[in-house]
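Engineer: Have a look at this one before I ask anything.
The values are calculated or read from the model by the stated rules, or taken from the named source; none is laboratory data. Note that the structure is predicted; figures quoted are calculated from it, not measured. Glycine also receives a Cβ, built like all others from the backbone with ideal geometry; neighbour counts cover every protein chain displayed.
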Amino acid sequence: MRISELLPRYLDGVREVVDVSHPDVTLERHLRLPAEVGYRRVALEQAAGAGFGPETMLFCLLGAASPAHVDPDALTPVLRRFSPGTRAALLIGWSVEELPYHRLVGPLVAGRCQIREVTPLDRAAIRGVSGALVVERVTRLAPLRGYLIDARTPVEPAGPGPAEPDGGNDGDSGDGGELATVLRVVNEYQLADLVSRPVRRRLAELTERVESQQRLLAERDELLRDARRRLAEVESSAGYQLGSAVARGARVPARALAGVPRELARVWRGRRSARRPGPGSDAG
Amino acid sequence: MGLLSAEENAAYWNARHQREGDLRSGGDMSFDEPTNRMFYILRLSLLLDIVGHQSDPVAPLFLLDAGCGKGWFSRELARFGHQVDGIDASESALAYCRERGGGARYFQSSLSGWRSPWLYDVVLSVDVLFHILDDDEWERSVRNLASLVRLRGRLALADWGEDGDRTYGNYQVVRGRNRYVPLARECGLRFDGWRPYAFRGNPNGFYVFTRTG
(Lines give C-alpha, C1' and ligand atoms only; values in the text may rest on other atoms or scores of the structure.)
Protein backbone atom coordinates (compact mmCIF):
# COMPACT_ATOMS: atom_id res chain seq x y z
CA MET A 1 0.00 0.00 0.00
CA ARG A 2 1.08 3.58 -0.59
CA ILE A 3 0.41 6.46 1.79
CA SER A 4 -1.56 8.14 -1.00
CA GLU A 5 -3.90 5.12 -0.98
CA LEU A 6 -4.29 5.15 2.79
CA LEU A 7 -4.95 8.83 3.50
CA PRO A 8 -8.01 9.47 1.30
CA ARG A 9 -10.13 7.20 3.51
CA TYR A 10 -9.56 9.54 6.43
CA LEU A 11 -9.70 12.99 4.83
CA ASP A 12 -13.45 13.50 5.14
CA GLY A 13 -13.95 16.86 6.84
CA VAL A 14 -10.21 17.60 6.80
CA ARG A 15 -9.23 20.98 5.38
CA GLU A 16 -5.54 20.95 6.22
CA VAL A 17 -2.69 18.52 6.88
CA VAL A 18 -0.21 19.81 9.43
CA ASP A 19 3.20 18.19 9.08
CA VAL A 20 5.30 18.28 12.27
CA SER A 21 8.17 16.21 10.85
CA HIS A 22 11.73 17.47 11.02
CA PRO A 23 12.42 20.21 8.42
CA ASP A 24 14.86 17.94 6.57
CA VAL A 25 12.16 15.34 6.04
CA THR A 26 10.15 16.15 2.92
CA LEU A 27 7.15 13.94 2.42
CA GLU A 28 4.53 16.25 0.94
CA ARG A 29 4.84 14.91 -2.60
CA HIS A 30 4.07 11.38 -1.42
CA LEU A 31 0.73 12.42 0.07
CA ARG A 32 -0.92 13.49 -3.21
CA LEU A 33 -3.48 15.50 -1.31
CA PRO A 34 -6.59 16.62 -3.14
CA ALA A 35 -6.67 20.28 -4.14
CA GLU A 36 -9.16 21.20 -1.42
CA VAL A 37 -6.87 19.96 1.38
CA GLY A 38 -4.09 22.33 2.34
CA TYR A 39 -0.65 21.43 3.64
CA ARG A 40 1.40 23.28 6.23
CA ARG A 41 4.58 22.59 8.17
CA VAL A 42 4.77 23.36 11.89
CA ALA A 43 7.51 22.67 14.40
CA LEU A 44 6.64 19.93 16.86
CA GLU A 45 7.22 22.23 19.83
CA GLN A 46 4.81 24.73 18.38
CA ALA A 47 2.24 22.01 17.70
CA ALA A 48 2.42 20.89 21.34
CA GLY A 49 1.09 24.29 22.38
CA ALA A 50 -1.66 24.46 19.77
CA GLY A 51 -5.03 22.75 19.68
CA PHE A 52 -6.28 20.62 16.80
CA GLY A 53 -9.77 19.84 15.64
CA PRO A 54 -11.30 17.41 13.13
CA GLU A 55 -10.64 19.81 10.24
CA THR A 56 -6.91 19.24 10.73
CA MET A 57 -4.94 16.04 10.24
CA LEU A 58 -1.56 15.83 11.95
CA PHE A 59 1.22 14.16 9.99
CA CYS A 60 4.68 13.05 11.11
CA LEU A 61 7.42 10.45 10.82
CA LEU A 62 8.06 8.44 13.98
CA GLY A 63 11.21 6.50 14.61
CA ALA A 64 14.46 6.12 16.49
CA ALA A 65 16.78 8.17 14.24
CA SER A 66 16.60 11.52 15.93
CA PRO A 67 16.35 14.33 14.88
CA ALA A 68 14.86 13.24 11.55
CA HIS A 69 12.40 11.00 13.39
CA VAL A 70 9.94 12.09 16.04
CA ASP A 71 10.09 10.16 19.28
CA PRO A 72 6.71 8.65 20.30
CA ASP A 73 6.92 10.24 23.74
CA ALA A 74 7.21 13.66 22.12
CA LEU A 75 3.81 13.12 20.55
CA THR A 76 1.94 12.79 23.84
CA PRO A 77 1.47 16.53 24.53
CA VAL A 78 0.29 17.03 20.96
CA LEU A 79 -2.21 14.19 21.08
CA ARG A 80 -3.57 15.38 24.42
CA ARG A 81 -4.64 18.61 22.70
CA PHE A 82 -6.70 16.82 20.06
CA SER A 83 -10.39 17.43 20.25
CA PRO A 84 -12.64 14.43 19.51
CA GLY A 85 -12.61 13.45 15.84
CA THR A 86 -9.12 14.76 15.15
CA ARG A 87 -6.87 12.38 13.29
CA ALA A 88 -3.17 11.86 12.81
CA ALA A 89 -1.26 9.92 10.17
CA LEU A 90 2.00 8.61 11.63
CA LEU A 91 4.64 7.06 9.43
CA ILE A 92 6.70 4.27 11.00
CA GLY A 93 10.46 4.60 10.65
CA TRP A 94 11.28 1.22 12.21
CA SER A 95 11.02 -2.08 10.37
CA VAL A 96 7.76 -3.88 11.11
CA GLU A 97 9.59 -6.73 12.86
CA GLU A 98 11.32 -4.27 15.16
CA LEU A 99 8.43 -1.88 15.78
CA PRO A 100 8.55 -0.96 19.48
CA TYR A 101 4.80 -0.82 19.71
CA HIS A 102 4.98 -0.74 23.49
CA ARG A 103 6.21 2.84 23.09
CA LEU A 104 3.28 3.81 20.91
CA VAL A 105 0.49 2.37 23.01
CA GLY A 106 1.14 4.66 25.98
CA PRO A 107 1.03 8.00 24.14
CA LEU A 108 -2.04 6.91 22.19
CA VAL A 109 -3.95 5.89 25.27
CA ALA A 110 -2.85 9.04 27.09
CA GLY A 111 -4.20 11.06 24.19
CA ARG A 112 -7.42 8.97 24.12
CA CYS A 113 -6.61 7.99 20.56
CA GLN A 114 -7.70 4.82 18.82
CA ILE A 115 -5.72 3.25 16.02
CA ARG A 116 -8.12 3.30 13.08
CA GLU A 117 -5.74 1.51 10.79
CA VAL A 118 -2.17 0.24 10.80
CA THR A 119 -0.67 -1.00 7.61
CA PRO A 120 2.68 -1.77 6.03
CA LEU A 121 3.69 0.53 3.20
CA ASP A 122 5.32 -0.54 -0.03
CA ARG A 123 9.09 -0.48 0.39
CA ALA A 124 9.73 1.43 -2.77
CA ALA A 125 7.35 4.23 -1.88
CA ILE A 126 9.15 6.16 0.89
CA ARG A 127 12.66 5.09 1.77
CA GLY A 128 13.12 4.14 5.39
CA VAL A 129 9.39 3.96 6.09
CA SER A 130 7.87 0.54 6.63
CA GLY A 131 4.32 1.37 7.60
CA ALA A 132 1.76 3.88 8.76
CA LEU A 133 -0.77 4.36 11.52
CA VAL A 134 -3.92 6.44 11.34
CA VAL A 135 -5.14 7.36 14.81
CA GLU A 136 -8.17 9.31 15.94
CA ARG A 137 -9.15 10.99 19.17
CA VAL A 138 -12.31 9.19 20.22
CA THR A 139 -14.95 9.28 22.91
CA ARG A 140 -16.31 5.87 21.98
CA LEU A 141 -15.02 2.95 19.97
CA ALA A 142 -14.74 3.80 16.28
CA PRO A 143 -15.41 1.15 13.61
CA LEU A 144 -12.50 -1.16 13.00
CA ARG A 145 -11.03 -2.14 9.67
CA GLY A 146 -9.76 -5.52 8.62
CA TYR A 147 -6.03 -5.75 8.08
CA LEU A 148 -5.38 -4.90 4.41
CA ILE A 149 -8.58 -6.54 3.17
CA ASP A 150 -10.74 -3.45 3.62
CA ALA A 151 -8.47 -1.32 1.48
CA ARG A 152 -11.10 -0.73 -1.17
CA THR A 153 -14.31 -0.82 0.77
CA PRO A 154 -15.75 1.94 2.93
CA VAL A 155 -16.08 1.07 6.60
CA GLU A 156 -19.61 0.80 7.81
CA PRO A 157 -20.59 1.30 11.42
CA ALA A 158 -20.70 -1.79 13.61
CA GLY A 159 -24.35 -2.17 12.69
CA PRO A 160 -26.86 -4.41 14.42
CA GLY A 161 -25.44 -6.86 16.90
CA PRO A 162 -24.87 -10.30 15.45
CA ALA A 163 -27.36 -11.98 17.74
CA GLU A 164 -30.26 -9.75 16.72
CA PRO A 165 -32.85 -11.29 14.42
CA ASP A 166 -33.88 -9.62 11.15
CA GLY A 167 -35.99 -6.54 11.82
CA GLY A 168 -34.70 -6.35 15.36
CA ASN A 169 -34.59 -3.21 17.44
CA ASP A 170 -31.89 -1.03 15.99
CA GLY A 171 -32.37 1.58 18.66
CA ASP A 172 -29.79 0.12 20.99
CA SER A 173 -27.90 -1.84 18.37
CA GLY A 174 -24.98 0.61 18.38
CA ASP A 175 -24.11 -0.01 22.03
CA GLY A 176 -24.70 -3.74 21.71
CA GLY A 177 -22.52 -3.87 18.64
CA GLU A 178 -19.79 -1.82 20.27
CA LEU A 179 -19.71 -4.00 23.37
CA ALA A 180 -19.55 -7.10 21.20
CA THR A 181 -16.62 -5.63 19.30
CA VAL A 182 -14.76 -4.67 22.45
CA LEU A 183 -15.37 -8.09 23.96
CA ARG A 184 -14.15 -9.72 20.78
CA VAL A 185 -10.97 -7.61 20.83
CA VAL A 186 -10.27 -8.31 24.48
CA ASN A 187 -11.04 -12.00 24.26
CA GLU A 188 -9.03 -12.51 21.07
CA TYR A 189 -6.16 -10.62 22.64
CA GLN A 190 -6.17 -12.65 25.85
CA LEU A 191 -6.39 -16.02 24.19
CA ALA A 192 -4.04 -15.22 21.32
CA ASP A 193 -1.53 -13.97 23.86
CA LEU A 194 -1.68 -17.26 25.70
CA VAL A 195 -1.47 -19.43 22.61
CA SER A 196 1.35 -17.35 21.13
CA ARG A 197 3.63 -18.05 24.08
CA PRO A 198 4.60 -21.62 23.19
CA VAL A 199 4.83 -20.56 19.56
CA ARG A 200 7.23 -17.79 20.49
CA ARG A 201 9.20 -20.14 22.64
CA ARG A 202 9.41 -22.66 19.84
CA LEU A 203 10.56 -19.91 17.49
CA ALA A 204 13.29 -18.93 19.93
CA GLU A 205 14.40 -22.57 20.27
CA LEU A 206 14.47 -23.09 16.53
CA THR A 207 16.38 -19.84 15.99
CA GLU A 208 18.96 -20.89 18.53
CA ARG A 209 19.19 -24.33 16.96
CA VAL A 210 19.72 -22.88 13.50
CA GLU A 211 22.44 -20.53 14.80
CA SER A 212 24.11 -23.41 16.60
CA GLN A 213 24.04 -25.55 13.47
CA GLN A 214 25.49 -22.70 11.45
CA ARG A 215 28.36 -22.34 13.93
CA LEU A 216 28.96 -26.08 13.84
CA LEU A 217 28.97 -26.07 10.06
CA ALA A 218 31.45 -23.20 10.03
CA GLU A 219 33.76 -25.12 12.37
CA ARG A 220 33.46 -28.27 10.28
CA ASP A 221 34.19 -26.30 7.12
CA GLU A 222 37.33 -24.92 8.76
CA LEU A 223 38.45 -28.39 9.82
CA LEU A 224 37.81 -29.71 6.35
CA ARG A 225 39.83 -26.93 4.74
CA ASP A 226 42.67 -27.60 7.18
CA ALA A 227 42.56 -31.35 6.50
CA ARG A 228 42.61 -30.80 2.73
CA ARG A 229 45.54 -28.46 3.03
CA ARG A 230 47.50 -30.97 5.10
CA LEU A 231 46.61 -33.79 2.75
CA ALA A 232 47.92 -31.76 -0.19
CA GLU A 233 51.14 -31.09 1.72
CA VAL A 234 51.61 -34.76 2.53
CA GLU A 235 50.91 -35.91 -1.00
CA SER A 236 53.38 -33.42 -2.42
CA SER A 237 56.14 -34.40 0.03
CA ALA A 238 59.19 -36.36 -1.09
CA GLY A 239 58.68 -38.96 1.60
CA TYR A 240 55.14 -39.73 0.40
CA GLN A 241 56.12 -39.96 -3.25
CA LEU A 242 59.11 -42.20 -2.51
CA GLY A 243 57.03 -44.35 -0.18
CA SER A 244 54.35 -44.71 -2.86
CA ALA A 245 56.95 -45.90 -5.32
CA VAL A 246 58.25 -48.46 -2.80
CA ALA A 247 54.68 -49.61 -2.03
CA ARG A 248 53.97 -50.09 -5.71
CA GLY A 249 57.26 -51.93 -6.06
CA ALA A 250 56.28 -54.28 -3.25
CA ARG A 251 53.13 -55.20 -5.15
CA VAL A 252 54.96 -55.65 -8.47
CA PRO A 253 58.65 -56.31 -7.70
CA ALA A 254 59.72 -56.37 -11.36
CA ARG A 255 58.60 -52.81 -11.75
CA ALA A 256 60.37 -51.80 -8.53
CA LEU A 257 63.78 -52.45 -10.05
CA ALA A 258 63.35 -49.45 -12.34
CA GLY A 259 60.65 -47.53 -10.57
CA VAL A 260 62.23 -46.94 -7.16
CA PRO A 261 65.55 -45.65 -8.48
CA ARG A 262 63.68 -43.42 -10.96
CA GLU A 263 61.66 -41.94 -8.13
CA LEU A 264 64.74 -41.42 -6.02
CA ALA A 265 66.39 -39.60 -8.90
CA ARG A 266 63.37 -37.40 -9.32
CA VAL A 267 63.44 -36.43 -5.63
CA TRP A 268 67.16 -35.73 -5.85
CA ARG A 269 66.73 -33.63 -9.02
CA GLY A 270 64.39 -31.13 -7.46
CA ARG A 271 61.36 -30.37 -5.35
CA ARG A 272 59.22 -29.07 -8.14
CA SER A 273 58.15 -32.41 -9.59
CA ALA A 274 57.86 -33.93 -6.10
CA ARG A 275 55.41 -31.15 -5.07
CA ARG A 276 52.94 -31.80 -7.84
CA PRO A 277 49.53 -32.71 -6.32
CA GLY A 278 48.10 -36.15 -6.71
CA PRO A 279 49.86 -39.50 -6.62
CA GLY A 280 53.51 -39.75 -7.30
CA SER A 281 54.83 -40.35 -10.80
CA ASP A 282 54.03 -43.61 -12.35
CA ALA A 283 56.67 -46.18 -11.59
CA GLY A 284 56.04 -47.59 -15.01
CA MET B 1 -30.38 -42.66 -4.96
CA GLY B 2 -28.99 -42.63 -1.44
CA LEU B 3 -26.14 -40.38 -0.43
CA LEU B 4 -22.65 -41.74 0.03
CA SER B 5 -21.63 -42.58 3.56
CA ALA B 6 -18.76 -40.64 5.12
CA GLU B 7 -16.32 -43.46 4.36
CA GLU B 8 -17.56 -43.85 0.78
CA ASN B 9 -17.35 -40.09 0.29
CA ALA B 10 -13.77 -39.99 1.55
CA ALA B 11 -12.81 -42.90 -0.67
CA TYR B 12 -14.51 -41.30 -3.67
CA TRP B 13 -12.53 -38.08 -3.34
CA ASN B 14 -9.25 -39.82 -2.71
CA ALA B 15 -9.74 -41.86 -5.86
CA ARG B 16 -10.91 -38.88 -7.89
CA HIS B 17 -7.87 -36.82 -6.96
CA GLN B 18 -5.63 -39.70 -8.00
CA ARG B 19 -7.47 -40.35 -11.24
CA GLU B 20 -8.32 -36.95 -12.65
CA GLY B 21 -6.22 -34.08 -13.95
CA ASP B 22 -4.98 -31.15 -11.95
CA LEU B 23 -8.11 -29.02 -12.30
CA ARG B 24 -10.86 -31.44 -13.16
CA SER B 25 -10.24 -33.50 -10.02
CA GLY B 26 -11.54 -30.67 -7.87
CA GLY B 27 -13.48 -28.83 -10.54
CA ASP B 28 -16.59 -29.40 -12.58
CA MET B 29 -16.63 -32.92 -13.97
CA SER B 30 -18.90 -31.85 -16.81
CA PHE B 31 -16.14 -29.58 -18.17
CA ASP B 32 -12.87 -30.59 -19.77
CA GLU B 33 -9.54 -29.42 -18.40
CA PRO B 34 -9.27 -26.15 -20.42
CA THR B 35 -12.81 -25.15 -19.50
CA ASN B 36 -12.08 -25.94 -15.90
CA ARG B 37 -9.07 -23.65 -16.16
CA MET B 38 -11.34 -20.77 -17.12
CA PHE B 39 -13.63 -21.70 -14.25
CA TYR B 40 -10.75 -21.71 -11.76
CA ILE B 41 -9.43 -18.36 -12.94
CA LEU B 42 -12.85 -16.79 -12.75
CA ARG B 43 -13.30 -17.98 -9.16
CA LEU B 44 -9.82 -16.73 -8.31
CA SER B 45 -10.75 -13.28 -9.60
CA LEU B 46 -13.77 -13.26 -7.30
CA LEU B 47 -11.55 -14.28 -4.41
CA LEU B 48 -9.13 -11.50 -5.30
CA ASP B 49 -11.91 -8.98 -4.78
CA ILE B 50 -12.90 -10.63 -1.52
CA VAL B 51 -9.37 -10.88 -0.14
CA GLY B 52 -8.43 -7.45 -1.43
CA HIS B 53 -5.69 -6.13 -3.64
CA GLN B 54 -3.08 -5.49 -0.97
CA SER B 55 -0.34 -7.78 0.29
CA ASP B 56 2.92 -7.40 2.16
CA PRO B 57 5.83 -9.86 2.34
CA VAL B 58 6.84 -8.90 5.88
CA ALA B 59 3.38 -8.67 7.44
CA PRO B 60 1.27 -10.90 5.22
CA LEU B 61 -2.40 -11.73 5.30
CA PHE B 62 -3.11 -15.16 6.77
CA LEU B 63 -5.54 -17.19 4.71
CA LEU B 64 -7.13 -20.60 5.22
CA ASP B 65 -8.12 -22.57 2.13
CA ALA B 66 -10.54 -25.06 3.67
CA GLY B 67 -10.90 -28.09 1.43
CA CYS B 68 -7.94 -27.15 -0.73
CA GLY B 69 -7.98 -30.30 -2.87
CA LYS B 70 -4.91 -30.28 -5.08
CA GLY B 71 -4.06 -26.80 -3.91
CA TRP B 72 -4.63 -24.67 -6.99
CA PHE B 73 -6.22 -21.76 -5.09
CA SER B 74 -3.71 -22.09 -2.23
CA ARG B 75 -0.79 -21.78 -4.64
CA GLU B 76 -2.26 -18.83 -6.51
CA LEU B 77 -3.11 -16.96 -3.32
CA ALA B 78 0.39 -17.66 -2.00
CA ARG B 79 1.77 -16.16 -5.20
CA PHE B 80 -0.03 -12.95 -4.30
CA GLY B 81 2.20 -12.80 -1.22
CA HIS B 82 -0.22 -14.18 1.33
CA GLN B 83 0.55 -16.81 3.96
CA VAL B 84 -1.79 -19.68 3.11
CA ASP B 85 -2.74 -22.79 5.04
CA GLY B 86 -4.48 -25.43 2.95
CA ILE B 87 -6.45 -28.21 4.64
CA ASP B 88 -8.08 -31.26 3.10
CA ALA B 89 -9.13 -34.72 4.20
CA SER B 90 -7.73 -36.43 1.09
CA GLU B 91 -4.24 -37.87 1.50
CA SER B 92 -3.70 -38.19 -2.23
CA ALA B 93 -4.63 -34.55 -2.82
CA LEU B 94 -2.28 -33.38 -0.07
CA ALA B 95 0.56 -35.51 -1.41
CA TYR B 96 0.12 -33.72 -4.73
CA CYS B 97 0.08 -30.33 -3.02
CA ARG B 98 3.29 -30.99 -1.13
CA GLU B 99 5.02 -32.23 -4.23
CA ARG B 100 4.03 -29.11 -6.18
CA GLY B 101 5.13 -26.80 -3.35
CA GLY B 102 4.40 -23.16 -4.08
CA GLY B 103 4.64 -21.54 -0.66
CA ALA B 104 1.46 -22.69 1.04
CA ARG B 105 1.42 -25.09 3.99
CA TYR B 106 -0.77 -28.17 3.81
CA PHE B 107 -2.39 -30.23 6.54
CA GLN B 108 -4.74 -33.15 6.62
CA SER B 109 -7.89 -32.19 8.44
CA SER B 110 -11.62 -32.07 8.19
CA LEU B 111 -13.21 -28.63 8.01
CA SER B 112 -14.85 -29.16 11.37
CA GLY B 113 -11.65 -30.33 13.04
CA TRP B 114 -9.06 -27.74 12.03
CA ARG B 115 -7.47 -25.53 14.64
CA SER B 116 -4.71 -22.95 14.38
CA PRO B 117 -2.67 -20.94 16.89
CA TRP B 118 -3.67 -17.81 15.02
CA LEU B 119 -6.96 -16.70 13.58
CA TYR B 120 -7.13 -15.95 9.89
CA ASP B 121 -7.75 -12.76 8.00
CA VAL B 122 -9.73 -14.68 5.40
CA VAL B 123 -11.18 -18.18 5.54
CA LEU B 124 -12.35 -19.50 2.20
CA SER B 125 -13.94 -22.73 1.12
CA VAL B 126 -14.36 -23.21 -2.60
CA ASP B 127 -16.97 -25.74 -3.74
CA VAL B 128 -16.43 -28.07 -0.80
CA LEU B 129 -19.29 -27.58 1.65
CA PHE B 130 -21.87 -29.02 -0.70
CA HIS B 131 -19.87 -32.25 -0.71
CA ILE B 132 -20.28 -32.59 3.05
CA LEU B 133 -23.35 -34.74 2.95
CA ASP B 134 -24.17 -35.06 6.64
CA ASP B 135 -26.08 -32.04 7.86
CA ASP B 136 -24.62 -32.04 11.36
CA GLU B 137 -21.10 -32.26 9.97
CA TRP B 138 -21.89 -29.42 7.57
CA GLU B 139 -23.05 -27.20 10.43
CA ARG B 140 -20.01 -28.12 12.55
CA SER B 141 -17.81 -27.27 9.60
CA VAL B 142 -19.39 -23.87 9.01
CA ARG B 143 -19.24 -23.02 12.70
CA ASN B 144 -15.59 -24.04 12.94
CA LEU B 145 -14.60 -22.10 9.84
CA ALA B 146 -16.47 -19.05 11.12
CA SER B 147 -14.76 -19.29 14.47
CA LEU B 148 -11.36 -19.20 12.76
CA VAL B 149 -12.00 -15.71 11.33
CA ARG B 150 -10.42 -12.88 13.30
CA LEU B 151 -12.26 -9.64 14.08
CA ARG B 152 -12.91 -7.74 10.82
CA GLY B 153 -11.74 -10.75 8.87
CA ARG B 154 -13.72 -12.32 6.05
CA LEU B 155 -15.38 -15.65 5.46
CA ALA B 156 -16.08 -16.80 1.90
CA LEU B 157 -18.12 -19.98 1.51
CA ALA B 158 -19.18 -21.36 -1.83
CA ASP B 159 -22.66 -22.79 -2.35
CA TRP B 160 -25.74 -22.04 -4.37
CA GLY B 161 -27.46 -18.72 -3.80
CA GLU B 162 -31.11 -19.68 -3.47
CA ASP B 163 -33.13 -20.62 -0.42
CA GLY B 164 -33.60 -24.26 0.49
CA ASP B 165 -31.50 -27.38 0.16
CA ARG B 166 -31.22 -29.59 -2.88
CA THR B 167 -29.55 -32.90 -3.59
CA TYR B 168 -27.66 -33.72 -6.78
CA GLY B 169 -26.70 -37.33 -7.37
CA ASN B 170 -25.28 -39.13 -4.39
CA TYR B 171 -22.40 -36.82 -3.45
CA GLN B 172 -23.69 -33.27 -3.51
CA VAL B 173 -26.11 -31.44 -1.21
CA VAL B 174 -26.38 -27.69 -1.80
CA ARG B 175 -27.67 -25.65 1.10
CA GLY B 176 -29.39 -22.35 0.72
CA ARG B 177 -29.14 -18.77 1.83
CA ASN B 178 -31.71 -19.46 4.53
CA ARG B 179 -29.15 -21.79 6.12
CA TYR B 180 -25.91 -19.86 5.71
CA VAL B 181 -26.89 -16.33 6.66
CA PRO B 182 -28.54 -17.00 10.05
CA LEU B 183 -25.86 -19.49 11.01
CA ALA B 184 -23.05 -17.06 10.22
CA ARG B 185 -24.86 -14.26 12.03
CA GLU B 186 -25.14 -16.48 15.07
CA CYS B 187 -21.36 -16.91 14.88
CA GLY B 188 -20.76 -13.15 14.91
CA LEU B 189 -20.48 -12.48 11.19
CA ARG B 190 -22.28 -9.92 9.08
CA PHE B 191 -23.55 -11.01 5.66
CA ASP B 192 -21.94 -8.86 2.96
CA GLY B 193 -23.59 -10.49 -0.02
CA TRP B 194 -23.52 -13.41 -2.40
CA ARG B 195 -21.17 -13.23 -5.41
CA PRO B 196 -22.35 -15.59 -8.16
CA TYR B 197 -19.84 -17.37 -10.38
CA ALA B 198 -22.02 -16.63 -13.38
CA PHE B 199 -20.05 -19.18 -15.39
CA ARG B 200 -21.88 -21.17 -18.02
CA GLY B 201 -24.96 -21.86 -15.99
CA ASN B 202 -23.17 -22.82 -12.79
CA PRO B 203 -25.61 -21.86 -10.01
CA ASN B 204 -23.02 -21.44 -7.27
CA GLY B 205 -21.16 -18.50 -5.83
CA PHE B 206 -19.49 -17.14 -2.73
CA TYR B 207 -21.31 -16.14 0.42
CA VAL B 208 -19.17 -13.36 1.87
CA PHE B 209 -19.25 -12.47 5.54
CA THR B 210 -17.27 -10.13 7.79
CA ARG B 211 -16.71 -10.72 11.48
CA THR B 212 -18.03 -7.74 13.42
CA GLY B 213 -18.01 -9.18 16.92
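Engineer: Please specify each residue of the stretch B:186-202 satisfying the condition of being in a loop (DSSP other than H, G, I, E, B) and within 14 Å of another protein chain (Cβ to nearest Cβ).
Structural biologist: Those that are in a loop (DSSP other than H, G, I, E, B) and within 14 Å of another protein chain (Cβ to nearest Cβ): B:CYS187, B:GLY188.
Engineer: Filter the stretch B:81-93 for residues that are outside any strand (DSSP E or B) and touching a Leu at 6+ places or on another chain (Cβ under 9 Å); which is nearest to B:ARG195 (Cα to Cα)?
Structural biologist: B:HIS82
Engineer: Oh, and also: Taking only pairs six or more apart or across chains, which ones have beta-carbon atoms under 8 Å, a first residue in the stretch A:250-261 that is at pLDDT 80 or above, and a second residue that is surrounded by 11 or more Cβ atoms within 10 Å (Cβ to Cβ) and in a helix (DSSP H, G or I)?
Structural biologist: Sorted first by the residue in the stretch A:250-261, then by its partner, the pairs are A:ALA250/A:ALA256.
For (1) within 13 Å of chain B (Cβ to nearest Cβ); (2) modelled with pLDDT of 85 or more; (3) assigned to a loop (DSSP other than H, G, I, E, B), each residue gets a yes or a no:
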| site | (1), (2), (3) |
| --- | --- |
| A:GLU97 | yes, no, no |
| A:VAL118 | yes, yes, no |
| A:ARG127 | no, no, yes |
| A:GLU136 | no, yes, no |
| A:ALA142 | yes, yes, yes |
| A:GLY146 | yes, no, yes |
| A:GLY161 | yes, no, yes |
| A:GLY177 | yes, no, no |
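Engineer: Here's a follow-up. Starting from the stretch A:24-42, keep only residues that are touching a residue at least 24 places away in the same chain (Cβ under 8 Å), then list their pairs with residues that are in a helix (DSSP H, G or I) whose Cβ atoms are within a distance under 7 Å, requiring at least 6 positions of separation or different chains.
Structural biologist: These pairs meet every condition: A:HIS30/A:ILE3; A:HIS30/A:SER4; A:LEU31/A:ILE3; A:LEU31/A:SER4; A:LEU31/A:LEU7; A:ARG32/A:SER4.
Engineer: Among the residues of the stretch B:31-47, are any away from chain A (no Cβ under 14 Å) and buried (at least 23 other Cβ atoms within 10 Å of the Cβ)?
Structural biologist: yes
Let's see how each residue does on (1) of a type in the set (S, T, N, Q); (2) part of a strand (DSSP E or B); (3) without any contact (Cβ under 8 Å) to a residue 60 or more places away in the chain:
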residue: B:ALA11; (1), (2), (3): no, no, yes
residue: B:GLY21; (1), (2), (3): no, no, yes
residue: B:SER25; (1), (2), (3): yes, no, no
residue: B:SER30; (1), (2), (3): yes, no, yes
residue: B:TYR40; (1), (2), (3): no, no, yes
residue: B:LEU46; (1), (2), (3): no, no, no
residue: B:SER55; (1), (2), (3): yes, no, yes
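Engineer: If the requirement is being within 13 Å of A:ALA132 (Cβ to Cβ), surrounded by 13 or more Cβ atoms within 10 Å (Cβ to Cβ) and either out of contact with any Lys or Arg (no Cβ under 7 Å at 6 or more places or on another chain) or β-branched (Val, Ile, Thr) (or both), which of these qualifies: A:LEU90, A:LEU11, A:LEU33?
Structural biologist: A:LEU90
Results for (1) part of a loop (DSSP other than H, G, I, E, B); (2) in contact (Cβ under 8 Å) with a residue 40 or more places away in the chain; (3) surrounded by fewer than 19 Cβ atoms within 10 Å (Cβ to Cβ), shown as yes or no for each residue.
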| site | (1), (2), (3) |
| --- | --- |
| B:LYS70 | yes, yes, no |
| B:GLU76 | no, no, no |
| B:ALA95 | no, no, yes |
| B:GLU99 | no, no, yes |
| B:PHE107 | no, no, yes |
| B:SER110 | yes, no, yes |
| B:SER116 | yes, yes, yes |
| B:LEU124 | no, yes, no |
| B:TRP138 | no, no, no |
